[in-house]
1. In region C:414-470, which residues are open to solvent by 10 Å² or more (accessible area, probe 1.4 Å), among the polar types (S, T, N, Q) and in contact (Cβ under 8 Å) with a residue 40 or more places away in the chain?
2. Is one or more of the residues making up region C:258-277 open to solvent by 40 Å² or more (accessible area, probe 1.4 Å), touching a Leu at 6+ places or on another chain (Cβ under 6 Å) and not polar (S, T, N, Q)?
3. Only one residue in C:ALA374, C:ALA342 is touching a residue at least 60 places away in the same chain (Cβ under 8 Å) and either open to solvent by less than 10 Å² (accessible area, probe 1.4 Å) or in the same structural domain as C:GLY15 (by TED's automatic domain parsing) (or both), so which one is that?
4. Applying the selection to region A:160-182, what residues are over 30 Å from B:ALA117 (Cα atoms), at pLDDT 90 or above and either outside any helix (DSSP H, G or I) or more than 8 Å from every other protein chain (Cβ to nearest Cβ) (or both)?
5. Go through the residues of region A:199-206 one by one and say whether even a single one is under 30 Å from C:ASN362 (Cα atoms) and in contact (Cβ under 8 Å) with a residue 12 or more places away in the chain.
6. Report whether or not A:ARG283 is under 30 Å from C:ARG348 (Cβ atoms), more than 14 Å from chain C (Cβ to nearest Cβ) and not in a helix (DSSP H, G or I).
7. Please go through region C:63-78 and pick out each residue that is under 20 Å from C:SER2 (Cβ atoms) and buried (at least 18 other Cβ atoms within 10 Å of the Cβ).
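The values are calculated or read from the model by the stated rules, or taken from the named source; none is laboratory data. Quick caveat: nothing in here was measured; it's all calculated off a predicted structure. Note that we place each Cβ from the backbone using ideal geometry, even for glycine, and neighbour counts take in every protein chain shown. In case anyone asks, the SASA skips ligands and DNA or RNA and just uses the protein heavy atoms, side chains included. Shrake-Rupley method; radii C 1.70, N 1.55, O 1.52, S 1.80 Å.
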Amino acid sequence: MTDTALADPEVGGEDNDSAESSALAAGLRGLRLPTVAVGLAAVAGGILLIVSGENPLSVYWSILDESFLSGSGIGRTLEKATPMVMGGLAVAFAFKAGLFNIGGQGQLLLGAAFAAWVGYNFDLPLVVHLPLAMVVGGLVAALLGAIVGALKAYRGAHEVITTIMFNFVAGNLTDYLVSRDGPWNDPDGGAIARTPRIRDSAIIPTYGDIPIGFFIACGFAFLIWWLLNKTTFGFEIVTTGANKHAARYAGIGVNRIIILTMAISAFLAGIGGAIQSQGLFGRFEASNNAGLGFDGITIALLARTNPIAVIPAAILIGGLNASTTRLQQDFRIEPEVVSILQALILFFVAAPSVVRWLVRWKAIGDEEAIQLTGGWGA
Amino acid sequence: MSTIKPIPLVLAGLSLLAAILLYAWDGQQTEAVVSRAVVEAGPLLLGALCGLLCERSGVINIGIEGTMLMSAFAGFFIASYSGVIWIGMLGGLAMSAVVGLFLAWTSVTLKQDQIIAGTIINIFALGFTSFYYVQGRTMPGVPRVAIPVLKDLPFVGPMLFDHGILTYSAMFIVVAVHLMLYRTRWGLRTRAIGEHPSAADTVGVNVITLRYRNVILGGLLAGVAGLHLLQSASSFQRGMTNGKGFIALAVMLFGRYRPFGAMGAALLFGLLGGIQAQLQFKQALDIPPQFFGMIPYLLTIIVLAAAGLAARPPAAAGTPYEGA
Amino acid sequence: MSRLLEMKGLTKRFGPVLACDNVDLKLDAGEIVGLLGENGAGKSTLVKMLFGIYEPDAGEIYFDGQLADIEGPGDAIAQGIGMVHQHFQLVPPLTVAENIMLGAEVVPEGGPGSVVGVMNMAAAEERVLELSKRFGLKVDPSAVVEDLPVGVQQRVEILKALNRGARLLILDEPTAVLTPKETDELLKVMRSLADTGVGIIFITHKLREVLAVTDRVTVLRNGKYIGSAETAESTQQSLAEMMVGRSVVLRVEKGTAHPGSSVLEVRDLRVRDDRGSAAVQGMSFDVREGEILGIAGVEGNGQRELVEAITGIRHSESGAILFGGIDMTNATPREVSEWGVAHIPENREKDGLVDNYSVADNMVLNTYFKEPFASRGIRVVDAIRKWASKLIEKFDVRPRTITSPVKSLSGGNKQKVIVARELSAENKLIVASQPTRGVDVGSIEFIHNQLVHQRDKGRAVLLVSAELDEILSLSDRVAVVYEGRVVAELDGATATREEIGLLMAGGSASEAAVS
């Protein structure tokens, strides 16, 4: 069954004595494909850059210099990476149960909008206000996720379709909420559709150049890793993803798992949106969060759905995104070059057979291919 | 042939009836709305037919959005630089065929996850077309043809027979796809490989070749859809598809994987767009436009969720063929 | 009669497994040859080489006296070889005529329609009707295939092959899915087809059918050619010996049963199948402590739905399932297993195991949440490992490693993992569905002995099997099911093969008693 390839077969499985070293070896093996994929994407992207008359090496150096080699650059990178960690976690977590959450975008928007609303509308002490705003944002998104899960579990409506559709519903809804006729509109914003500024008591601070929100996201990554690998609930999720039928025969409430997994996945994306509002922008603005939901797919696959590996994957993609202003200044390159690179990374990481063929590296196995959906019926 | 459960057709019929009544009440306004609905339905229908051809052959295509964008991009710039709209349209079609070829290669040959493959197309298309976008160019317009005599018919004339050529092509293509799918050898084989590929393989139908052919053909239809967007907008803008490729997916599902079902759904969705635009134009809008904007998506979700309404997708859609 | 087919020394290897080893087969026009062998004997592999699905590693195929080079199914069809696959190669939403014409569509020449390949479906349906009359296979050309009963679908498959001018017809286990009545009809059709000059290769492991219809028999065992015999000179006994390679059927060593009180009581149970038609139509029976109740019957007579209803997988329409006084009707699978029901599912790969999981994780697949394998929602890996290590010793799972993924195990060892998991818990009832299907002989004996051992420990065992031999050798009592009902309950010690066979085929109890 190819659709089980993402399941973690080693949960609780390794031998005692060699557990440490084999885990390390497995970790290193897991790095192989993503590393080569990023390298190949850089080469292919370089060709595109040459076509448009740029020197790829100087472009790549600028990215490195801008995003990773200065304190403020690292700060910007981590700022960009923060919602990506959450979006990547959302996708990766759903993958574990065999679900493809393509709705990170809509869930993130809901989280961002509702967190902003709690943030500006209420006057509470910081210890309550800040987490409350985040949790409300996350829960509203989770509600959407639960609906998607329930539609899948009880009505067989495929989550890929429903999450795509809900992206537009959520996009329209949040647009409306902050539009001039909407209830959350900032009267001082003029033509800009946005909420009023979030009160200081709900703002996630930065420490020097470093956004605290990033560490919150990392905390979630470790929490999700722990949940999946150490708890019986995680075992139920991974079992459902690996073999739904066997899970059912083993007494696992598969429908419950599908709903909960979608809800948690959406919660994570929603928290990502909340951190955007509370940490980066200080308000919700309709046009601020475009495309973030799809970054989560690239990041989750680049991380091979490992929650911890989502962090470096998000830093890489975040770094690319953090360099766009500099690229525009230095080379007059449009920021969308980053999307092209991302699509290329996604392609190579999802097609190990191509990578193997291109680099003649037999060690990269086909079992690393990612096969999830296997049709609408799955 | 199996029985047709024409929910979208019925809804479209009811809408048409409503339109006639409205016409009696306010002819000019109704004309504007319906005419706009027909134009808006064009790309949705063509995109949906792309999805339909691919899925009927067993390949899920969620890259319709990206294919449309790539085609519109190539069509616009090639037309702009050559100064000939026909060359531009050929360029757009060629581009969409290449995108179709990519999807076929990744999903049929590489057996990559098809939803990821479609996502790659969407992300790449948005990046590529924005990256190479050049501001300030114009292109010659897509010819508009008012069909003599027919256009002077009351009511239907201006609504149906005074459009750009690509709108007519959508009407023609939907009939052609229907006839081809249900009446020809190709259609029978296409339906077979999307449901039970090894059954077709064991009687000598080459599943791989036919899937390639149909996915590329589907790409071409999405290409026409992209060009149709150009016809309406008369220039290329970044991200100009703006989710239409995903609505096309909804149209396909809502139309139960049938060409005429898709046509009904596309007209219905187009009508919603037409009414919204007209109300906004007239400033007679009590309902926020965003709520209008949600309706197609909510409708699709409801149809998927309602028992008995959702069509069964082709059994093999999404599964790479591994041989008999 | 002329020699139609001769296969010489055919060999096919899959990795380390020799699926077909130097096999010969001969067939004349108008002749029916039975290809006999147990599961995994290499029958399907052999004919798939003939049909061009597999390429032989060695050996030659002569068709019509010519050395044939068959490059694929399409090529085989073109040369006049047709095959009815075990899993039907029909497109369910298409009509009978569309299915038969697929790949050989009627496209009139000339006119604009021929450019795009417009079909003439009226002519196609006409042709199907004509074929159907000529060969005596009744079908409605415009019916949609998925609405037809299995037996009719099979007829469509045969017509499909004949339509392409098949002179050699391969039938791969055609009776496995049929009711006894449909089977008899099929055997008749085969005979009349052979009379028209078609050569037929009939794959089966059912001796009765081989004796009833074939002219000659070729027997395979473990991928090897064992021999051929004239059917007229063969008996069930002689063929069985060739097939299994040892004399008579295996009998399990077991003492007399000492049944106690009822553990499972099924009362007038009604259950629907996936398509919504009534599968279990009012079944009633008891299973007592310390006995094995065997459910005998041709597959598809409600057994699967019965088991799924008892174990909580499937919804029961009406009736009651009582388990030691608890009303277990429509309980969840978790409740059922918590109350003390073990389940060895029919489809072990799909339902019983998670292929990618280690042996250890599969050993606790339904107990992972309990002490000592988990403590307050946290998994205790050491306890799981200890438990799994103990079980692989006790149940002789090979290789002796708990960390390798279960997908690397052989079929027999996979089944042992399930048996170990299910039988090691403190259960009162064991529901075993086709427990030895596709399992090697050594594992069969082991699993049978385990089931008897469980009985002797006072547990109730409900054994569902399509293998009559398994039912006869294990059961203390036998309930025969036919069309969703229990048609007779027999004493396992005195029941005979013939008696059960007749009841399974829908004969009445009195007839059975007389015979």
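1. Within region C:414-470, C:ASN427, C:GLN434, C:ASN449, C:GLN450 qualify.
2. Yes, some residue in region C:258-277 is open to solvent by 40 Å² or more (accessible area, probe 1.4 Å), touching a Leu at 6+ places or on another chain (Cβ under 6 Å) and not polar (S, T, N, Q).
3. Details: C:ALA374 fails: touching a residue at least 60 places away in the same chain (Cβ under 8 Å).
Being touching a residue at least 60 places away in the same chain (Cβ under 8 Å) and either open to solvent by less than 10 Å² (accessible area, probe 1.4 Å) or in the same structural domain as C:GLY15 (by TED's automatic domain parsing) (or both) holds for just one of C:ALA374, C:ALA342, which is C:ALA342.
4. Initially, region A:160-182 is screened for residues over 30 Å from B:ALA117 (Cα atoms), giving A:176-182.
From what is left, the residues that are at pLDDT 90 or above are A:176-178.
Matches in region A:160-182: A:LEU177, A:VAL178.
5. Within region A:199-206, none of the residues are under 30 Å from C:ASN362 (Cα atoms) and in contact (Cβ under 8 Å) with a residue 12 or more places away in the chain.
6. Values: under 30 Å from C:ARG348 (Cβ atoms): no; more than 14 Å from chain C (Cβ to nearest Cβ): yes; not in a helix (DSSP H, G or I): yes.
It is false that A:ARG283 is under 30 Å from C:ARG348 (Cβ atoms), more than 14 Å from chain C (Cβ to nearest Cβ) and not in a helix (DSSP H, G or I).
7. C:PHE63, C:ALA68, C:ILE70, C:ALA76
Yes/no per residue for (1) more than 19 Å from B:TYR133 (Cβ to Cβ); (2) outside any helix (DSSP H, G or I); (3) more than 17 Å from the chain's Cα centre (by Cα):
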position: B:GLY58; (1), (2), (3): yes, yes, yes
position: B:PHE76; (1), (2), (3): no, no, yes
position: B:GLY92; (1), (2), (3): no, no, no
position: B:ALA97; (1), (2), (3): yes, no, no
